[in-house]
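Here's the structure we're looking at; comments come further down.
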Amino acid sequence: MSCGNCSTGRGNHNTSTGVPAGCNNNGSCGTGGGCNKLNVFDWLGNMSLPGGQTPFDMVEVRFKNSRKDFFKNVNGLGLNVGDVIAVEASPGHDIGIVSLTGELVRLQMKKKGVNFDSEEIKKIYRKAKQQDIDKWREGQALEVATMYKARTIALQLGLQMKLSDVEYQGDKSKAIFYYTADERVDFRELIKVLADAFKVRIEMRQIGARQEAARLGAIGACGRELCCSTWLTDFRTVSTSAARYQQLSLNPMKLAGQCGKLKCCLNYELDTYQDALKEFPQIDGKRLHTQKGDAFYKRLIFLND
């Protein structure tokens, strides 16, 4: 597979190794945009608009990891999924990849409660030029080193926080530092030191443990990529009662995911178990007569396939 629709715009194979150029996903994505996590399949993509109806002028744009936002196509640019574009930011501009266009964007905005006419929706400036892409890649190359140095600075200041990721804005004028903390952190001094060290505007953004796992990604106990890294966007509360209904062992080591919280997948089959349990008779303490003698019922055991 040549990854012909890859956002890098390069679909050539390396003839010596057989590995496709571009996103380095080695051709396993299966779809043009499959090399990105949390993709939305455009099931309206092959449908034409009714006569006289203009295309929806909002576009969904993907940035690093799971960060997405909606932007207004004020200049009527012909955009396709995978195009690299320059969008309005505060301050300057950012570089992102078009992840969704057309009428499905309207449905996504309704689902997420975003007002179409809101003045807070930023604009699309243009398709990214080569100079924009070069600067964007320079910022990406700095992110790992910046994160390690920022962690050292936070430790020197004695702050009880964990810096988990850094994201440079496309024009390298700002850097977003994602962190987790159990308590409120006064990072005013940290911002001054970081701004002086990296010569960019600093934005601190606190995230939860589940969001941290989603940004970093990992392999779960099931052997697949984490749900939160690939498709899950709604982080619902997970309680130990979900394990009790399914008669799972209440072992924190087995029930906890990579984030240290209860696994999100405990909720997947919970409704099925609850509905099934309603159909079982309540016979606790009943005497049972069997071929091997009398017995007392204690609890119902579900056997896995």
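The values are calculated or read from the model by the stated rules, or taken from the named source; none is laboratory data. What you see is a predicted model; the values in this text were computed from it and never measured. With ideal geometry, Cβ positions are generated from the backbone for all residues, glycine too; neighbour counts draw on all protein chains shown. To get the accessible areas, we keep the full protein, side chains included, count just its heavy atoms, and leave off ligands, DNA and RNA. Shrake-Rupley method; radii C 1.70, N 1.55, O 1.52, S 1.80 Å.
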Taking 0.36 nm per residue of separation between THR230 and VAL193 and subtracting their Cα-Cα distance, the length gained on full extension comes to 9.8 nm
Given pairs LYS172/LYS199; LYS123/LYS199; LYS129/LYS172 and cut-off 21 Å on Cα-Cα distance, the over-length ones are LYS123/LYS199
Hull surface over four for the Cα convex hull of region 94-180, reported in nm², is 7.9
Spelling it out for GLY96: with amide H atoms placed in the peptide plane at 1.01 Å from N, the residues 5 or more places away or on another chain with amide H under 5 Å from its amide H are ILE85, VAL87
Region 168-236: relative contact order from alpha carbon pairs under 8 Å, six or more residues apart, as a whole percent, is 28
Here, LYS149 and CYS222, labelled 7 Å along Cα→Cβ, have an inter-label distance in nm of 4.1
Protection proxy (average C-beta count within 10 Å per residue), highest first, orders 192-203, 46-57, 117-128 as 192-203, 117-128, 46-57
Note, region 175-184: 3J(HN,Hα) by Karplus (6.51, -1.76, 1.60, θ = phi - 60°), whole Hz, Gly/Pro = x, goes 10, 9, 9, 9, 9, 10, 7, 7, 10, 5
Note, region 68-75: 3J(HN,Hα) by Karplus (6.51, -1.76, 1.60, θ = phi - 60°), whole Hz, Gly/Pro = x, goes 10, 7, 9, 9, 8, 8, 5, 9
If N is the residue count of region 155-305, its Cα Rg over 2.2 N^0.38 Å rounds to 1.61
Given a Förster distance of 30 Å, the FRET efficiency implied by the Cβ-Cβ spacing of ARG126 and SER90, rounded to the nearest 0.05, works out to 0.95
In nanometres, the difference between 0.36 nm per residue of separation and the alpha-carbon distance of LEU157 and LYS111 is 12.4 nm
To the nearest 0.05, the calculated FRET efficiency linking ASP294 and SER241 through their beta-carbon distance, R0 being 25 Å, is 0.15
Taking a label point 7 Å from the Cα of ASP134 along Cα-to-Cβ, the residues of region 73-95 whose backbone nitrogen sits under 20 Å from it are 84-87, 93-95
So the carbon and sulfur contribution to the accessible area of region 172-224, 1.4 Å probe, in percent, is 46
Heads up, region 154-214 by the C-alpha gyration tensor (a ≥ b ≥ c square roots of eigenvalues; a/c under 1.5 rounded, else a/b over b/c prolate, else oblate) looks oblate
